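As structure tokens, the structure follows; a few thoughts come after it.
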Amino acid sequence: MPDLIELNLLPIEDRIIKKDYSYLLDARIIIPLITLILLLIALSVSSAYYDKELSAKQLILDALMQQVKEKESIKNQIKVKEKLLQEIDSKYTALNSINVNKQLWLDILEGISASLPENTWVEQIAQEKQTPFINISGNTHIFSEVGHYITRLKKKLVFLEVSLISINYIEDSKSRFFKFEIKIEIDNGLLTSQVNSSDGKKIFAASQPTKGIGAKP
């Protein structure tokens, strides 16, 4: 039977045009659309999961950082305590070593002090570790008095050798003076009972630049 051909003889304004939605049921459109929807759902779920995990990790990291800050504070306190302990131990060792051979160091300090010229003063006296050498740091207002001081020190029996290490002229807005350093060698036999400090030097006399052995008040 031949196909019938439908003819719509109604005027155009009276015609009812049927919309064709059959293309929506086409598998070429439905399958990709469903795939896209599933992909968006999977991305949304995974994003929410990773956001939750990231927030949890961030909380753990913040807690660890707080612990690190607390430990850092304790570490700094320990360093301060250790430094203080080392200073106390150094002073104790120095005082104990002086007590071991008190008369020797009384003679040494007396010799250093008694030999000072009038315009000269000592800032520091230090013994080098495990050696019979003593370094004297001092100041004077008269250059020639450094030579007089060395000459007087050489006359002391407790000192084997006295030598000048350095001398420098210091000038500022308040004062002018010569800063010098002298090395003294002591009879090694007199130091057999001496205990050297652990930091390499033992300080027996120290003061501010304007005060010290031989300084005027």
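The values are calculated or read from the model by the stated rules, or taken from the named source; none is laboratory data. Quantities reported herein were computed from a predicted structural model and do not represent experimental measurements. When we count neighbours, we look across all protein chains shown, and the Cβ atoms used for this are built from the backbone with ideal geometry, even at glycine.
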Inset, instruction - Any chance you could count how many residues in the range 133-170 are within 17 Å of Glu185 (Cβ to Cβ), part of a strand (DSSP E or B) and of a type outside the set (Ser, Thr, Tyr)? - result: 10
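Yes or no, residue by residue, for (1) of a type in the set (Ser, Thr, Tyr); (2) touching a residue at least 40 places away in the same chain (Cβ under 8 Å); (3) touching a strand residue (DSSP E or B) at 6+ places or on another chain (Cβ under 9 Å); (4) not assigned by TED's automatic domain parsing to the domain that holds Ile186:
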| site | (1), (2), (3), (4) |
| --- | --- |
| Asp107 | no, yes, no, no |
| Trp121 | no, yes, yes, no |
| Ile125 | no, yes, yes, no |
| Gln130 | no, yes, no, no |
| Tyr149 | yes, no, yes, no |
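A quick yes/no check of all residues on (1) assigned to a helix (DSSP H, G or I); (2) closer than 30 Å to Phe178 by Cβ; (3) at pLDDT below 85:
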position	(1), (2), (3)
Val68	yes, no, yes
Glu72	yes, no, yes
Glu82	yes, no, no
Asn99	yes, no, yes
Glu118	no, yes, no
Trp121	no, yes, no
Inset, instruction - Considering only the range 171-194, state which residues are part of a loop (DSSP other than H, G, I, E, B) and either at pLDDT 60 or above or exposed (fewer than 14 other Cβ atoms within 10 Å of the Cβ) (or both). - result: Asp172, Ser173, Lys174, Ser175, Asp187, Thr192, Ser193
